[in-house]
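What follows is a single structure, written as structure tokens, with notes after it.
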Ligand code: PXL
């Protein structure tokens, strides 16, 4: 049976991050994607400034009721929330449905717009969602906020931060070093409460990386739904996102998105089937 995977997140009208990144990634990983939108994010056509429009709470609730109408899903990813009211709602759906395989991408800032960095949202996330998360996937900025370690600049700092975040109640922690981590190596750390695993690759020179964090967490979520062990899921997600960044595309002069079809070569798959087509008879 095809596994059903839900994303609870914001819509990125540009198509590279948020719900769009999640659904595209779920499909690439051979899972059936469902979505509950918490907000809609638009970008200014002439400047890299996003605006965030929250979805009314009752509409978020109706979407969650739809998504969970057949019971728990194979896995759930949580991304951009927008308000702390949504946190209580999500907590109640996850616990009522005894949802397992919950991946929390603790989105606290969107490039160019810090509106989501509300302190009450961060504390609601810590109180209600982190204890329900099987995996939490902070980037460096989010890891600094959650761990209270103000500068994460070395692998030792990363380990300390992962340990602190693990103490908040997430079963596993994956810190995304991303472009911000100093040096030439893109470094991610996976900590399951006992062992530390580093994933290291040379950084790419391209800046088509919008949507990388969402796609990474979505790839882990879909892999979990498919019963892939976490240590392999993280490595697969990293390779998937690396190819997506390497083959990214520009929406306009200032926003470069990752291409979700790169790793599994979606574009050439169609051609193979096209070649099998015979000319229709008259
Ligand atoms: O990458 C964080 C993020 C999360 N969710 C949505 C976004 C973005 C970044 O743009 O648009 C909807």
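The values are calculated or read from the model by the stated rules, or taken from the named source; none is laboratory data. No experiment lies behind these values; they were computed from the predicted model shown. As a convention, Cβ positions derive from the backbone with ideal geometry for all residues, glycine included, and neighbour counts pool all protein chains shown.
Evaluating residue 60 against the criteria (1) free of Cβ contacts under 8 Å to residues at least 60 places away in the same chain; (2) away from the ligand (no atom under 16 Å from the Cβ); (3) over 18 Å from the mean Cα position of the chain (by Cα); (4) surrounded by 15 or more Cβ atoms within 10 Å (Cβ to Cβ) leaves one unmet condition, (2).
Restricting attention to the range 13-35 and to residues that are at positive phi and surrounded by fewer than 24 Cβ atoms within 10 Å (Cβ to Cβ), the residue that is farthest from the ligand (Cβ to nearest atom) turns out to be 30. Do we find a residue being closer than 22 Å to residue 169 by Cβ, surrounded by 15 or more Cβ atoms within 10 Å (Cβ to Cβ) and within 19 Å of the chain's Cα centre (by Cα) anywhere in the range 67-75? Yes, the conditions are met somewhere in the range 67-75.
Of all residues in the range 22-45, those that are within 14 Å of residue 261 (Cα to Cα) and touching a residue at least 40 places away in the same chain (Cβ under 8 Å) have Cβ atoms under 7 Å from Cβ atoms of residues that are within 13 Å of the ligand (Cβ to nearest atom) and part of a helix (DSSP H, G or I), 6 or more apart or on another chain, in 22/214; 22/218; 25/215; 25/218; 26/218. Of all residues in the range 96-123, those satisfying the criterion of being in contact with a helix residue (DSSP H, G or I) (Cβ under 7 Å, 6 or more places away or on another chain), more than 16 Å from the ligand (Cβ to nearest atom) and at pLDDT 95 or above are 101, 102. Taking the criterion of being farther than 16 Å from residue 17 by Cβ and either under 17 Å from the mean Cα position of the chain (by Cα) or loosely packed, with under 13 Cβ neighbours inside 10 Å (or both), the residues of the range 232-261 that qualify are 232, 233, 234, 235, 236, 238, 239, 242, 243, 253.
When the range 47-62 is filtered for residues that are within 11 Å of residue 37 (Cα to Cα) and out of contact with any strand residue (DSSP E or B) (no Cβ under 7 Å at 6 or more places or on another chain), the ones remaining, listed by number, are 56, 57, 59, 61, 62. In the range 178-208, what residues are crowded, with 21+ Cβ neighbours inside 10 Å and under 21 Å from residue 19 (Cα atoms)? Within the range 178-208, 208 is the sole residue that qualifies. Applying the criterion of being more than 12 Å from the chain's Cα centre (by Cα) and crowded, with 24+ Cβ neighbours inside 10 Å to the residues of the range 1-12, the residue that is nearest to the ligand (Cβ to nearest atom) is 12.
Surrounded by fewer than 16 Cβ atoms within 10 Å (Cβ to Cβ) and either touching a residue at least 60 places away in the same chain (Cβ under 8 Å) or away from the ligand (no atom under 16 Å from the Cβ) (or both): does that describe residue 52? For residue 52, the condition - surrounded by fewer than 16 Cβ atoms within 10 Å (Cβ to Cβ) and either touching a residue at least 60 places away in the same chain (Cβ under 8 Å) or away from the ligand (no atom under 16 Å from the Cβ) (or both) - is not met.
Looking for something more than 11 Å from the ligand (Cβ to nearest atom) and within 19 Å of the chain's Cα centre (by Cα) - is there at least one such residue anywhere in the range 36-46? Yes, there is a match, as at least one residue in the range 36-46 is more than 11 Å from the ligand (Cβ to nearest atom) and within 19 Å of the chain's Cα centre (by Cα). Looking across the range 89-100, just one residue is touching a residue at least 40 places away in the same chain (Cβ under 8 Å) and surrounded by 20 or more Cβ atoms within 10 Å (Cβ to Cβ), and that is 90.
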